[in-house]
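Heads up: the structure comes next, in structure tokens.
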Amino acid sequence: MPRSIILDTDPGQDDALALYLALAAPEISVHSVVSVAGNVPQPRVTDNVLALLSLVGRDDIPVYRGCELPLIVEQYTAEYVHGDTGIDGADIPPSARSAESKHGVDHIIDTCMDADDNSVTLVPVGPLTNVGMAIAKERRIIPKIREIVWMGGAFDEPGNTTRLAEFNAVVDPHAGAIVFNSGIDMTILPLDVTHKALFPPSQITRLREHDSVVAHACAGMIDFYQQYDMDKYGWEGAPMHDPCAVAYLIDPTLFTGRRMSVAMEYMNDDEMGNTYERTDGSEPNATVMFDVDRERFLELLVTSWCSL
Ligand code: BDR
Ligand code: CA
């Protein structure tokens, strides 16, 4: 049986790539998608999710509009990486469909409350605002959640938004702290691993050579958003941040990591959004991934996108 997931996302080219990876995978069933303000504001992230799904004929998947703003800190978006639309590089027509009328946070709560204990998989690949809000509003969802698989954070690797903090972490550190302190088991794909998951130009060529609208959309998006990291780090390729979270669910053997007790800094201004290992002897609450089998990972991405 495929594993049912709720994808919580802020597209974002790499969010779009993660969504397409999930849709292509027989190991995963996308139960619903919740949007969250992150790379670009609401309602654009919601419109992007709807458009991305329409492009692949998946208007059957319900989309819920989630939070508009972080819980406490000022909104910070990343058009400087992703372009004004968040998914610049692909010319994807808007969807004729609208999001469901229920709020994304209530959708997460209701889905969990209707589920068996230890059965729900949440895959947030953006700021943790919706998940943090859901836990704060209805703590009885905690035992329902089997695992939260989150792309975010930075441990040995420096931050990509501040000195210590990764984007998804620093955009809403208070929501992150709620999630990290909830006792829910997490799998974290931080910059330590996603910065090793680079998608080289030769693979973009492979996508372009494939005769499919989706493969070309993926190529266009990667082409656009690799520019930021290439300029900043001098890399040959874009980091596949969010696809790492989905790839982990498809094939966990692609990644290696270790159990840790992880916390999120939400008080000290200089370190806001820093994810760090607790040293107080507390029980591990997360598996943090540090390495990826890049060749197998790239093959999974390209063959998946070309299959849609
Ligand atoms: C994360 O932030 C966003 O820019 C990406 O979509 C990814 O989720 C990487 O730091
Ligand atoms: Ca994202």
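The values are calculated or read from the model by the stated rules, or taken from the named source; none is laboratory data. Bear in mind that the values here come from a model prediction, so they are computed numbers and not experimental data. For neighbour counting, all protein chains shown are included, and Cβ atoms are generated from backbone atoms with ideal geometry for every residue, glycine included. Side chains are part of the model used for accessible areas, which takes the heavy atoms of the whole protein and leaves out ligands, DNA and RNA. Shrake-Rupley method; radii C 1.70, N 1.55, O 1.52, S 1.80 Å.
Is one or more of the residues making up the range 192-205 open to solvent by less than 50 Å² (accessible area, probe 1.4 Å), within 16 Å of ligand 2 (Cβ to nearest atom) and assigned to a loop (DSSP other than H, G, I, E, B)? Looking for residues that are open to solvent by less than 50 Å² (accessible area, probe 1.4 Å), within 16 Å of ligand 2 (Cβ to nearest atom) and assigned to a loop (DSSP other than H, G, I, E, B), one finds at least one in the range 192-205, hence yes. I'd like the residue in the range 59-76 that is under 19 Å from the mean Cα position of the chain (by Cα) and not hydrophobic (A, V, I, L, M, F, W, C) and, out of all such residues, is least open to solvent (accessible area, probe 1.4 Å). Checked the range 59-76; the qualifying residue least open to solvent (accessible area, probe 1.4 Å) is 66. Here is a check on your reading of the model: is residue 22 surrounded by 20 or more Cβ atoms within 10 Å (Cβ to Cβ), in contact (Cβ under 8 Å) with a residue 60 or more places away in the chain, assigned to a loop (DSSP other than H, G, I, E, B) and within 14 Å of ligand 2 (Cβ to nearest atom)? Against the criterion (surrounded by 20 or more Cβ atoms within 10 Å (Cβ to Cβ), in contact (Cβ under 8 Å) with a residue 60 or more places away in the chain, assigned to a loop (DSSP other than H, G, I, E, B) and within 14 Å of ligand 2 (Cβ to nearest atom)), residue 22 does not qualify. Annotation: residue 79 fulfils all but one of (1) among the charged types (D, E, K, R); (2) within 16 Å of ligand 1 (Cβ to nearest atom); (3) buried (at least 20 other Cβ atoms within 10 Å of the Cβ); the unmet one is (3). Scanning the range 141-172 for residues that are closer than 26 Å to residue 28 by Cβ and among the basic types (Lys, Arg) gives 144, 146. As a summary of the residue check, residue 158 satisfies the conditions (1) within 14 Å of ligand 1 (Cβ to nearest atom); (2) of a type outside the set (Phe, Trp, Tyr); (3) under 27 Å from residue 218 (Cβ atoms) except for the one numbered (3). Residues that are more than 16 Å from ligand 2 (Cβ to nearest atom) number at least 3 in the following strands (runs of 3 or more DSSP E) confined to the range 236-293: 255-260, 262-264, 286-292.
The residues on offer are 178, 184, and the sole one that is open to solvent by less than 10 Å² (accessible area, probe 1.4 Å) and in contact with a helix residue (DSSP H, G or I) (Cβ under 9 Å, 6 or more places away or on another chain) is 184.
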